[in-house]
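To keep things clear, I will list the structure first and then write my remarks on it.
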Amino acid sequence: MIYGWQHCLDRSILPNLGNKLVSEVGNGALRQFVEILTAAGLAPKTTVNVGNYEFMQLPLVIKEKQNRPTITETEISALLKNVNER
């Protein structure tokens, strides 16, 4: 297991991202990194493993726990009743 992560670090991560500050590794840098891995012929599963959210310590996005305000049918009906015609 440790050998596998060390291999990922040595072969993929450090050569491509190792000289960047953490603040420089945003969406654009990660997108470019995935393109490099894909161009190198890595399988999609390997690419996912290299960019593993646990390894990168990224938080999981759980849709059920997200604040996603919605409007109900009753609220829409009430709004439409108060709309002035043109």
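The values are calculated or read from the model by the stated rules, or taken from the named source; none is laboratory data. Worth saying up front: this structure is predicted, and the values here are computed from it rather than measured. So basically every Cβ, Gly included, is an ideal-geometry build from the backbone, and we count neighbours across all protein chains shown.
Structure above, values below:
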item: Matching option when the condition is assigned to a helix (DSSP H, G or I), at pLDDT below 85, out of contact with any strand residue (DSSP E or B) (no Cβ under 8 Å at 6 or more places or on another chain) and not acidic (Asp, Glu), among Asn49, Asn16; result: Asn49
item: Qualifying residue in the range 53-75 (condition: part of a helix (DSSP H, G or I), of a type in the set (A, V, I, L, M, F, W, C) and either out of contact with any Ser or Thr (no Cβ under 8 Å at 6 or more places or on another chain) or modelled with pLDDT of 80 or more (or both)); result: no
item: Which numbered condition Val34 fails, given (1) modelled with pLDDT of 75 or more; (2) exposed (fewer than 14 other Cβ atoms within 10 Å of the Cβ); (3) not small (Gly, Ala, Ser); result: (2)
